[in-house]
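Each remark here refers to the structure printed beneath this line.
The values are calculated or read from the model by the stated rules, or taken from the named source; none is laboratory data. Just so you know, these numbers come straight off a predicted model, no measurement behind them. Every residue, glycine among them, receives a Cβ derived from its backbone with ideal geometry; neighbour counts consider all protein chains shown. The accessibility values were calculated without ligands, DNA or RNA, using every heavy atom of the protein model including side chains. Shrake-Rupley method; radii C 1.70, N 1.55, O 1.52, S 1.80 Å.
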Amino acid sequence: MTEPADQNAGAPAEDAGQPQLRRRRDLRRANGSVYDAWTGTMPEVTPNTPSQNDVGEPVTGRTSWAEAAAAADASRQSRSLAPVQPAMQPGSYPVLQLNGAVPASQTRQDARSASVAPSDTPVEGRSVRSRRPARAGAPAENALPDFISSPGLFVKEQRPRPVGGFRGAIYKLTGGAWNFGPGPKQRKEDELARRISRQLQGSYNTAVLSLKGGIGKTSTTVGVGLTLAEYRGDAPCAIDANPDSGDLVERALGEGIYQQSSPRTITDLLENIDSIDSLTALARYMHHAGRLHLIAGEQDPEVSDSLTAEEYLRIRKLISSYYAVALTDCGTGVTHNAMSGILQSADNLVIAAGYAVSGAKRARSTLHWLASHGYEDLARNAIVVITDKDEVSSRVDKDAIEGHLAGICRELIAVPHDRGVADGDLVTLDVLKPETRRAYKEIAAAIVDGYQ
């Protein structure tokens with residue numbers, strides 16, 4: 001009967017429980033080696049005393065990862081600055097000058113007896129291992145860039161992706177392998193988007209006014225407000241301060257949706273303004289067309305003209321606590337009760353005009369009135385918007401009208417004829433022509449440019 005393994009441990013190889021395996025092990029150990037390749041036993045290694053390094057210099061302990069990284073950078077820099085050695089002659093060894101390495105004149109036996117480790121000896125066919133600098137953390141003469149101070153040096157700049165057109169088609173067909181970048185038109189659009197989305201410090205207000213009704217004032221307010229909401233990170237606010245039963249919210253939401261919702265107006269907001277201390281409380285008196293927040297005007301003719309300058313300033317102060325950009329639809333004229341408060345708190349103006357002699361004259365008269373009543377800066381920095389609402393005939397000289405107004409304002413922008421604007425109903429960006437949407441983007445960019 002075979003004895004258990006633990007009782008047969010001292011038996012000879014031929015009598016043990018596994019004679020063949022033990023015989024092979026004993027044969028491998030016959031040469032005196034202590035390494036057992038079969039079992040994977042590692043030999044006992046006596047560590048070297050870390051009192052000196054390979055070249056006889058004291059070893060400096062690494063106290064932190066940063067010092068070790070700096071030492072590695074210094075070593076890398078020293079290797080890059082080392083002079084190029086001449087070509088070796090057959091049978092000779094290279095002359096090394098790496099921090100005290102063994103010169104080529106020493107023989108192999110001298111190299112083994114020297115303080116340099118045999119693994120570092122420059123033997124033919126073996127790569128030479130560079131030594132770390134003696135002083136840890138010593139800065140190199142020309143420090144190499146790192147990920148913290150120069151992260152952009154380690155990342156290849158990616159060209160913007162083209163959208164639409166020939167460049168976009170090539171990009172799609174090649175799966176992105178051929179990227180010619182955006183074309184001139186796309187670059188202009190991207191620049192407009194960058195100007196609109198510029199981060200602002202504080203709260204700003206733009207007043208949209210005119211001396212003549214029905215020339216695109218409210219549609220401009222809605223179109224520009226929706227454009228600001230599309231490109232800005234913060235939601236804009238639009239206030240209907242039209243004393244003549246303004247329809248700002250109806251143009252942004254649609255008549256049916258506005259009537260179905262709780263039609264809170266600016267009058268309701270004023271009655272409870274002292275109790276509003278948060279954006280959540282303010283939202284009860286707001287309407288939302290996407291990310292555009294609106295305050296509806298008063299629809300009752302008996303009280304629609306009762307908004308005073310002081311009341312508007314109270315609303316403006318409340319809005320400034322929660323919104324960076326506000327648009328105010330002022331209505332027709334510049335002499336109604338709330339107008340002085342609106343102009344007093346406005347940072348810039350949008351003057352609505354039309355392609356007609358009368359409309360151009362009224363817009364020019366508005367700017368002259370502002371300049372002569374203490375609002376010269378607003379008049380000089382005003383943006384005149386000419387809307388082709390009625391699609392004027394070819395007999396009207398549009399260039400002459402634009403030239404009549406261009407010299408007395410900061411910027412003049414024309415909005416082409418568009419049924420989505422001319423019908424006087426719901427204004428949504430999705431149904432507008434690309435030219436109309438671009439005009440609203442130019443107006444929005446000009447407005448944000450005027451915020452200093």
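Any lysines with Cα under 21 Å of the Lys389 Cα? List them, leaving off those in the same chain fewer than 8 positions away.
Filter leaves Lys212, Lys217, Lys361, Lys398, Lys433, Lys441.
Using the per-residue mean of other Cβ atoms lying within 10 Å as a proxy for protection, in what order, highest first, do the peptides 285-291, 230-236, 213-219, 398-404 fall? Write out the running numbers ahead of the final one.
Working: 285-291: 19.0, 230-236: 17.3, 213-219: 21.9, 398-404: 14.3.
Final packing ranking: 213-219, 285-291, 230-236, 398-404.
Using a basic spin-label model with each label point 7 Å from the Cα along Cα→Cβ, how many nm lie between Ala406 and His288?
Going from the Ala406 label point to the His288 one covers 4.3 nm.
Using Cα pairs closer than 8 Å and at least 6 residues apart in sequence, work out the relative contact order for segment 363-441, in percent.
Details: 84 pairs, mean separation 22.8, N = 79.
About 29 percent, as a whole number.
Please report the antiparallel percentage of the DSSP beta bridges confined to segment 211-342, to the nearest 5.
Details: 3 of 11 bridges.
Within segment 211-342, antiparallel bridges account for around 25 percent of the total.
Please give the per residue accessible area of segment 158-292, computed with a probe of 1.4 Å over protein heavy atoms only, in Å².
Values: 6660 Å² over 135 residues.
About 49 Å² of surface per residue is accessible.
If you count only protein heavy atoms and use a 1.4 Å probe, how large is the accessible surface of Cys237, to the nearest 10 Å²?
About 0 Å², ignoring ligands and nucleic acids.
When you count, for each residue, the other Cβ atoms within 10 Å and take the mean per peptide, how do 350-356, 321-327 rank with the highest first?
On the way: 350-356: 25.1, 321-327: 21.0.
In decreasing order of mean packing, 350-356, 321-327 become 350-356, 321-327.
Once label points are set 7 Å from the Cα along Cα→Cβ at both His417 and Trp178, what is their separation, rounded to one decimal in nm?
4.2
Within segment 299-379, list the GluC sites (Glu not before Pro) lying in a DSSP loop whose Cβ has at most 14 other Cβ atoms in a 10 Å radius. Don't skip to the end; give the middle numbers.
On the way: sites: Glu302, Glu310, Glu311, Glu376; in loops: Glu302.
For GluC sites (Glu not before Pro) across segment 299-379 that sit outside H, G, I, E and B with at most 14 neighbouring Cβ atoms in 10 Å, the list reads Glu302.
When the accessible area of segment 216-355 is computed with all protein chains present and a 1.4 Å probe, what percentage of it is carbon and sulfur?
Working: 2410 of 5200 Å².
Reported share for carbon and sulfur atoms: 46 percent.
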